[in-house]
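The values are calculated or read from the model by the stated rules, or taken from the named source; none is laboratory data. No experiment lies behind these values; they were computed from the predicted model shown. So basically every Cβ, Gly included, is an ideal-geometry build from the backbone, and we count neighbours across all protein chains shown. Each accessible area value is taken on the protein alone, full model and side chains, heavy atoms only, with ligands, DNA and RNA left out. Shrake-Rupley method; radii C 1.70, N 1.55, O 1.52, S 1.80 Å.
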Amino acid sequence: MEEPIQKGLADFTAGCDFEKIPKKFVDDAKLRVLDWFGCALAGAHYPQMKIAGAYMRQAGGRPEATALSIVEKLPVRSAAFLNGIAGHVCELDDGHRTAIGHPGSITLPVALALAEANGKTGREFLRSVIVGYDMFARLGRTVNPTHYRTWHTTGTCGTIAAAATAANLLGLTPEQANNAIGIACTMAGGLVESFGTHAKAINIAQACQSGVDA
């Protein structure tokens, strides 16, 4: 990504505080959270979730965050991965028409897992979700519609939006956010060819996990 563009995105990610966000966006974000939970509670019982859940439990790690349908807590990245599947797999998640993707599916799992593990407030949580939504919409509208011929936008642009969500929630500096966005760019992926298979939801799950890692 061209450095001036990336730096601008990073400065926005790190510099956006709750007081700068219009109330209508805060109110809307609360509805997005409720919508995601409705989709994820249904998706938590799908076969893809059971397969991935068994794998993540076996992989183990520090008990940091909650994944739907899993009794024990898991590492943040694992919880974000599983909740990424849960929120998308039943194909009812929210969508952005011109960005051609599902911003809730990649912002909410990341924000929930990191907020739980780091004791963040509701305001901090909502702020990071709004930043992630904004990032996804900007990037998706820039690369589409041609991008979607091959690439699953929620997996590609979603990875960068997930990193922005995490960077804002963790209070990273502009330089740190810039690094995270850059790392996320090289980790992004997800093929439209996977549609119609169990692998489709992995595009979203991997975007969530890579955003946390970045």
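For the chain, the relative contact order is 26 percent, taking Cα pairs closer than 8 Å that sit 6 or more residues apart in sequence and dividing their mean separation by the residue count. Taking region 55-99 as the region of interest, what is the percent of Cα-Cα pairs per 5 angstrom bin, listed from the shortest bin to the one with the maximum distance? Distribution as computed: 5, 22, 27, 16, 12, 9, 6, 3 percent. For Arg97 and Glu175, the FRET efficiency from 1/(1 + (r/R0)^6), where r spans their Cβ atoms and R0 equals 35 Å, is about 0.55.
The equivalent ellipsoid that matches the C-alpha gyration tensor of the chain spans semi-axes of 23, 20, 16 angstrom, in descending order.
A straight line joining the Cα centroids of region 147-214 and region 1-65 runs 11 Å. If you run the Gaussian network model on the chain, springs between alpha carbon atoms under 10 Å, then out of Ala166, Ala201, Ala54 the most flexible one is Ala54.
For the pair Ala42 and Lys23 in one chain, pulling the backbone fully straight at 0.36 nm per residue adds 3.9 nm over the alpha carbon distance.
The simple Förster model, with R0 at 35 Å and r as the Cβ-Cβ distance, assigns Leu31 and Tyr55 a FRET efficiency of 0.60. When the residues Trp36, Trp151 are ordered by accessible surface, computed with a 1.4 Å probe over the protein chains alone, the sequence from largest down reads Trp151, Trp36. The residues of the chain have, on average, 46 Å² of accessible surface per residue, using a 1.4 Å probe with all protein chains present. Taking every protein chain into account, the 1.4 Å probe leaves Ile21 with about 20 Å² of accessible area, to the nearest ten. Estimated at 0.36 nm per residue, the fully extended path between Glu3 and Val192 surpasses their Cα-Cα distance by 65.2 nm.
The trypsin sites (Lys or Arg not before Pro) of region 10-52 include none that meets both criteria, a DSSP state outside H, G, I, E and B (loop) and at most 13 other C-beta atoms within 10 angstrom of the site's C-beta. All other residues with a Cβ under 13 Å from the Cβ of Phe12 taken together, and with Lys, Arg as +1 and Asp, Glu as -1, what is their net charge? Net charge in that neighbourhood comes out at +1. Taking amide hydrogens as placed 1.01 Å from N in the peptide plane, the amide H of Leu191 sits under 5 Å from those of His152, each at least 5 positions away in sequence or on another chain. Across the alpha-carbon set of region 1-90, the Rg to Rh ratio works out to 1.11, Rh being the Kirkwood radius.
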